[in-house]
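Note sheet for the following structure.
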Amino acid sequence: MQSYNIAKRLRLAAAALLLAFSPAAVFEALAAGGREADALTLYSGRGEALVDPLIERFEEETGIKVNVRYGGTAELAVLLQEEGSRTPADLFWAQDAGALGALSTADRFRELPEDLYADLPAIYRSRTGSWVATSGRARVLVYSNERVEEGERPSSVFDLADERYAGRFGWAPTNGSFQAFVTAMRVVHGDDRTADWLEAMDEGGALRYRNNTALVEAIGAGEIDFAITNNYYLLRFLADDPDYPASQMFFEGGDIGNLVNVAGVAILAESDRREQAVEFVRFLLSRWSQEFFTGEIYEYPVLEGVEPNAQLETFETLLEASPELDLDAMEDLDGTLALLRELGLL
Amino acid sequence: MPASGRRPPWFLLVAASIGAIGVLLPLAYLVLRAFEADLQAVQALVFRQRNLRLLFNTLTLSFTVLVGTTLLAVPLAFITVRTDIRHKRLLTILATLPLAVPGYVMAYALISLGGNYGILARLTGLALPRMSGLSGAAAALTLYTYPYLFLNLRAALAGVDPSYEETARSLGYGRTEIFFKVTLPHLRPALLAGWLVIGLYVLGDFGAVALMRYEVFSYAIFTQYHGAFDRVYAAWLSLMLLAMTVGVVGLEWRLLGRTKLWRSGSGVGRKPAEVPLGRTRPFAKLFVWLVILAAVGLPVLILSYWLLLAPPDLRPAQVAASFAASAAASVPAAALAALLALPVAYTAARYPSVISRTLERAAYIGYAIPPLALALAMVFFALRSAPALYQTLPLLILAYALNFQALAIGPIRSAVLQASPRLEEAARSLGRNRVEAFVSTVLPLLRRGIVAGGVLVFVIAMKELPITFLLAPTGYRTLAMNVFSRTSEAMLAQAAPYAAAIVVFSGLFIGFLLKHEGSR
């Protein structure tokens with residue numbers, strides 16, 4: 001009698017475990033069926049809400065299926081390094097150029113056909129040929145409508161180190177765009193001047209936030225009055241809430257604070273679906289996609305002849321505002337990180 | 001005769017070792033990466049003063065959170081288990097619900113309260129400064145980790161034999177004296193297990209502290225992976241973190257000592273009599289409801305606010321599919337974790353020795369490994385040994401189970417400590433073998449502990465992010481991934497349905513299991 005109970009209990013336990021694991025089996029079967037042999041695998045550091053519509057359109061137009069792995073640009077870059085030559089990825093679409101530079105230096109990318117990037121404006125062109133910019137974003141100064149007077153707006157990013165801005169500024173040292181900006185500053189103005197500026201800002205009580213969205217939120221919340229971020233963050237806030245109490249502006253023309261950054265895509269060297277991958281890159285540089293980037297996401301298109309969103313500054317203004325700089329010169333991210341660490345910012 | 005001092009049977013050791021061997025894999029990976037380092041760079045990057053400062057912040061935060069969670073969980077557990085307060089089940093479920101809330105949602109909820117553009121300002125015109133720093137981080141972490149301690153304490157309190165307290169009372173001890181001298185020592189294993197889980201969680205947390213702008217040690221690890229895309233120095237920092245873990249776990253074992261909690265005489269196990277609240281009733285009720293309001297009410301308020309502010313176009317099919325994806329990974333992970341934890345907890349309780357201590361320590365190391373490091377380790381080993389498994393669901397389930405098995409150990413261990421070995425001895429003397437004796441006598445008594453362990457793992461797996469991002473099959477979309485991708489683009493209204501789904505489904509699961517866990 002007792003052993004019957006125990007046997008029954010063990011059987012029940014086994015059944016329960018099987019039941020617990022069965023959804024996994026079902027899922028696996030369904031998922032494996034969905035993953036077709038010829039589908040492209042894209043690792044995307046760009047968000048799902050932005051990328052999904054593009055993927056749908058691409059699949060419609062070309063019939064090539066794309067499986068997307070979303071994540072942070074940095075996590076995906078580290079994953080690609082860990083996977084090494086065994087990576088299942090065909091494409092890597094990064095939110096900013098730092099990750100692309102790091103992987104490019106490690107020879108992880110396959111060269112792209114020159115016609116893809118030959119026609120791009122100079123500020124978007126990378127001469128390495130291993131990755132190509134898909135959209136641009138300008139660094140801007142976001143400031144509070146309520147607490148910043150007309151005369152208080154700085155004309156150069158270097159002005160922010162001034163005493164009257166003490167305790168009113170926020171930045172995001174861990175953010176890729178910020179680090180790219182510091183790298184650019186080092187290239188154009190030299191390490192010493194950059195280090196001096198960073199130190200002065202830190203001593204002036206610059207508050208640290210985790211990313212650009214948090215900076216814009218902090219301005220709304222009243223914690224800071226100024227922040228340097230990318231141009232589209234505030235625009236997205238304003239799209240949801242036209243009364244948001246902040247505005248943005250460029251610094252004076254040519255100032256390093258107006259750096260133009262890019263999102264970019266590359267094809268992995270190990271990919272054996274090169275043709276389809278190139279088609280995808282071509283699609284991202286097509287008129288439709290470029291209009292999507294500027295219309296829905298408020299970024300700057302890289303394709304000549306595509307008009308930027310009406311809410312953005314015109315391309316001519318952008319060219320006037322942006323500093324003279326080589327995208328490829330910005331590959332020394334390590335040096336920037338070392339500097340930020342030395343100053344205790346990271 | 002005490003159970004300790006005897007060697008555990010070989011099959012038990014083998015079963016208990018499986019989880020520990022699993023944890024060895026990520027450890028080996030970290031050591032491998034660490035050896036790729038340039039020693040000078042290690043000096044500059046790892047052993048610098050700033051890291052010490054970050055470490056100090058971490059320890060301060062951990063201590064504050066431990067104090068906070070104890071102050072919340074001990075009275076809560078006592079009130080809901082041992083007093084005559086009404087609606088016990090409801091209060092218990094509500095008090096456990098914060099487990100269902102993802103940490104970043106809770107931190108976001110707290111931050112959204114204040115500021116010129118915050119909820120308080122928009123509803124009442126009152127603009128308080130936003131929560132941040134140590135106080136903000138401690139508040140957020142306390143509010144959503146106290147249930148770990150609460151559940152452990154519940155299991156322990158409910159299992160305390162009333163004859164101890166009755167004996168004490170017959171010897172003339174007053175009620176408060178009994179609580180501090182008799183009841184509290186019984187809770188020591190539960191307290192230590194809960195503190196351990198919470199302490200290790202705080203050591204490794206990055207999400208809530210980042211939102212609260214409080215820089216802790218995990219920040220150093222994060223910036224290695226994120227800024228430098230570097231796995232080598234991140235490995236060094238992770239190993240440092242794990243060294244701390246070993247120290248903390250060792251401390252816990254020392255404090256636990258050789259606690260024996262079972263009834264040594266003859267007699268029947270009974271439910272303890274309820275303590276009448278009397279004049280303290282309104283205070284007790286106020287306390288319980290304040291905690292619930294802060295820990296559950298607040299996130300619910302925020303989510304509702306986001307949903308109402310800009311109603312997103314709800315796509316129930318997508319949310320449902322997302323939920324199915326989350327559950328398909330979390331449920332098997334919970335079962336596997338409980339399975340891995342059971343032999344470890346049993347061995348640790350019945351045959352305390354260096355071996356059992358090491359096995360338990362291994363499980364906690366699995367818990368304390370920075371999730372990104374654990375994920376990369378699984379990538380590394382899967383690609384080299386079983387590439388077919390790479391980016392498949394079973395690998396994700398395994399990673400979850402290895403990471404969270406430690407959560408299940410605490411409740412199960414408390415339950416085993418309260419079950420007398422006499423029962424098994426009696427069964428064996430009647431002719432059963434060891435396994436039969438265990439299954440027929442002790443296993444039913446462990447039900448509450450196993451359930452608590454399984455629930456803890458399920459709920460944390462539902463919210464998990466970094467491992468999921470790296471190991472889930474490409475295209476697999478859990479609820480947590482959906483929430484995160486939308487909140488990081490500041491599309492809060494779109495994130496709300498997914499966050500609400502996590503909270504609701506995890507909450508339902510918690511409620512269902514607590515309702516049916518049965519009584520002794």
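Restricting to the stretch A:93-145, name every residue that is basic (Lys, Arg) and either in a strand (DSSP E or B) or more than 23 Å from residue A:270 (Cβ to Cβ) (or both).
Selection gives A:110, A:125, A:127, A:137, A:139.
Checking the condition at pLDDT below 85 and under 26 Å from residue B:377 (Cβ atoms), which residue from B:39, B:45, B:32, B:27 passes?
B:45
Suppose the filter is more than 29 Å from the chain's Cα centre (by Cα), over 17 Å from residue B:370 (Cα atoms) and assigned to a helix (DSSP H, G or I); does residue B:44 pass it? Write out each step before concluding.
On the way: more than 29 Å from the chain's Cα centre (by Cα): yes; over 17 Å from residue B:370 (Cα atoms): yes; assigned to a helix (DSSP H, G or I): yes.
Answer is yes for this residue.
Using the structure shown, decide if residue B:28 is more than 14 Å from chain A (Cβ to nearest Cβ), in a helix (DSSP H, G or I) and crowded, with 20+ Cβ neighbours inside 10 Å.
Numbers: more than 14 Å from chain A (Cβ to nearest Cβ): yes; in a helix (DSSP H, G or I): yes; crowded, with 20+ Cβ neighbours inside 10 Å: no.
Spelling it out, it is not the case that residue B:28 is more than 14 Å from chain A (Cβ to nearest Cβ), in a helix (DSSP H, G or I) and crowded, with 20+ Cβ neighbours inside 10 Å.
What is the residue count in the stretch B:223-242 for residues that are without any contact (Cβ under 8 Å) to a residue 60 or more places away in the chain and within 14 Å of residue B:365 (Cα to Cα)?
First, the residues of the stretch B:223-242 that are without any contact (Cβ under 8 Å) to a residue 60 or more places away in the chain: B:223, B:226-230.
Now narrow it down to the ones that are within 14 Å of residue B:365 (Cα to Cα): none.
Result for the stretch B:223-242: 0.
Report yes if some residue within the stretch A:244-266 is at pLDDT 90 or above, closer than 22 Å to residue A:63 by Cβ and not aromatic (Phe, Trp, Tyr); otherwise report no.
Yes, that holds for at least one residue.
Take the residues in the stretch A:212-236 that are at the interface with another protein chain (Cβ under 7 Å from one of its Cβ atoms) and not β-branched (Val, Ile, Thr); name whichever of them is nearest to residue A:294 (Cα to Cα).
Of the stretch A:212-236, the ones at the interface with another protein chain (Cβ under 7 Å from one of its Cβ atoms) are A:213, A:220-223, A:236.
Checking which are not β-branched (Val, Ile, Thr) leaves us with A:220-223, A:236.
Values: A:220: 25, A:221: 28, A:222: 30, A:223: 30, A:236: 12 Å.
Among those residues, the one meeting the criterion is A:236.
Could you list, in sequence order, the residues of the stretch B:169-223 that are assigned to a helix (DSSP H, G or I) and within 14 Å of chain A (Cβ to nearest Cβ)? Steps first, please.
Restricting attention to the stretch B:169-223, the residues satisfying the condition of being assigned to a helix (DSSP H, G or I) are B:169-170, B:175-186, B:188-204, B:207-211, B:217-223.
The answer is B:207, B:208, B:209, B:210, B:211, B:217, B:218, B:219, B:220, B:221, B:222, B:223.
Here is a yes/no grid of residues against (1) over 15 Å from residue B:220 (Cα atoms); (2) without any contact (Cβ under 8 Å) to a residue 12 or more places away in the chain; (3) touching a Phe, Trp or Tyr at 6+ places or on another chain (Cβ under 7 Å):
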{"residue": "B:46", "(1), (2), (3)": "no, no, yes"}
{"residue": "B:52", "(1), (2), (3)": "no, yes, no"}
{"residue": "B:63", "(1), (2), (3)": "yes, yes, no"}
{"residue": "B:70", "(1), (2), (3)": "yes, no, no"}
{"residue": "B:80", "(1), (2), (3)": "yes, no, no"}
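Just name the residue that is nearest to residue B:358 (Cα to Cα) out of those in the stretch B:400-421 that are in contact with a Ser or Thr (Cβ under 8 Å, 6 or more places away or on another chain) and not small (Gly, Ala, Ser).
B:417
Failed condition for residue B:474, given (1) touching a residue at least 24 places away in the same chain (Cβ under 8 Å); (2) of a type in the set (Ser, Thr, Tyr); (3) closer than 29 Å to residue B:98 by Cβ, with all others met?
The single condition residue B:474 does not satisfy is (3).
In the stretch A:71-103, which residue that is out of contact with any helix residue (DSSP H, G or I) (no Cβ under 7 Å at 6 or more places or on another chain) and within 12 Å of chain B (Cβ to nearest Cβ) is surrounded by the fewest Cβ atoms within 10 Å (Cβ to Cβ)? It would help to see each step written out before you state the result.
Filtering the stretch A:71-103 for residues out of contact with any helix residue (DSSP H, G or I) (no Cβ under 7 Å at 6 or more places or on another chain) gives A:72, A:76, A:81, A:84-85, A:88, A:93, A:100.
Keeping just the survivors that are within 12 Å of chain B (Cβ to nearest Cβ) gives A:72, A:76, A:81, A:84-85, A:88, A:100.
Working: A:72: 21, A:76: 25, A:81: 17, A:84: 13, A:85: 9, A:88: 18, A:100: 31.
That would be A:85.
Considering A:215, A:207, which residue is more than 20 Å from residue A:155 (Cβ to Cβ), hydrophobic (A, V, I, L, M, F, W, C) and buried (at least 24 other Cβ atoms within 10 Å of the Cβ)? I'd like the intermediate steps shown before the answer.
On the way: A:207 fails: buried (at least 24 other Cβ atoms within 10 Å of the Cβ).
Exactly one residue qualifies, and that residue is A:215.
For the stretch B:388-415: of the residues being of a type outside the set (S, T, N, Q) and surrounded by fewer than 24 Cβ atoms within 10 Å (Cβ to Cβ), which is farthest from residue B:162 (Cα to Cα)?
Within the stretch B:388-415, the first condition is being of a type outside the set (S, T, N, Q), and the residues that meet it are B:388-390, B:393-402, B:404, B:406-413, B:415.
After this cut, where a residue has to be surrounded by fewer than 24 Cβ atoms within 10 Å (Cβ to Cβ) as well, the list is B:388-390, B:394-395, B:398.
Details: B:388: 55, B:389: 51, B:390: 52, B:394: 45, B:395: 45, B:398: 41 Å.
In this case the residue turns out to be B:388.
Hey, could you check the stretch A:168-202 for residues that are surrounded by 20 or more Cβ atoms within 10 Å (Cβ to Cβ) and in a loop (DSSP other than H, G, I, E, B) and say which is nearest to the other protein chains (Cβ to nearest Cβ)?
Checked the stretch A:168-202; the qualifying residue nearest to the other protein chains (Cβ to nearest Cβ) is A:174.
For the stretch A:104-114, which residues satisfy the criterion of being farther than 20 Å from residue A:279 by Cα and either crowded, with 16+ Cβ neighbours inside 10 Å or hydrophobic (A, V, I, L, M, F, W, C) (or both)? Working first, answer last.
From the stretch A:104-114, those farther than 20 Å from residue A:279 by Cα are A:104-107; that's our starting set.
Answer for the stretch A:104-114, where residues must be farther than 20 Å from residue A:279 by Cα and either crowded, with 16+ Cβ neighbours inside 10 Å or hydrophobic (A, V, I, L, M, F, W, C) (or both): A:104, A:106.
Please count how many residues of the stretch A:179-207 are in contact (Cβ under 8 Å) with a residue 60 or more places away in the chain and touching a strand residue (DSSP E or B) at 6+ places or on another chain (Cβ under 7 Å). Before the answer, list the steps.
At the first step, the residues of the stretch A:179-207 found to be in contact (Cβ under 8 Å) with a residue 60 or more places away in the chain are A:179-189, A:191, A:194-195, A:198-199, A:202.
Subsequent filtering for residues that are touching a strand residue (DSSP E or B) at 6+ places or on another chain (Cβ under 7 Å) retains A:180-181.
Residues flagged as in contact (Cβ under 8 Å) with a residue 60 or more places away in the chain and touching a strand residue (DSSP E or B) at 6+ places or on another chain (Cβ under 7 Å) within the stretch A:179-207 amount to 2.
Being without any contact (Cβ under 8 Å) to a residue 60 or more places away in the chain, hydroxyl-bearing (Ser, Thr, Tyr), surrounded by 15 or more Cβ atoms within 10 Å (Cβ to Cβ) and away from every other protein chain (no Cβ under 14 Å) is true for just one of A:143, A:165, A:124, A:117. Which residue is that?
Working: A:143 fails: without any contact (Cβ under 8 Å) to a residue 60 or more places away in the chain; A:165 fails: without any contact (Cβ under 8 Å) to a residue 60 or more places away in the chain; A:124 fails: without any contact (Cβ under 8 Å) to a residue 60 or more places away in the chain.
A:117 is the lone residue from the list that is without any contact (Cβ under 8 Å) to a residue 60 or more places away in the chain, hydroxyl-bearing (Ser, Thr, Tyr), surrounded by 15 or more Cβ atoms within 10 Å (Cβ to Cβ) and away from every other protein chain (no Cβ under 14 Å).
Scan the stretch B:303-316 residue by residue and report those that are under 20 Å from residue B:463 (Cα atoms) and loosely packed, with under 13 Cβ neighbours inside 10 Å.
Scanning the stretch B:303-316 gives B:304, B:316.
The values are calculated or read from the model by the stated rules, or taken from the named source; none is laboratory data. Everything quoted here is computed from the prediction, not taken from an experiment. Using ideal geometry, Cβ is built from the backbone for each residue, glycine included, and neighbour counts are taken over all protein chains shown.
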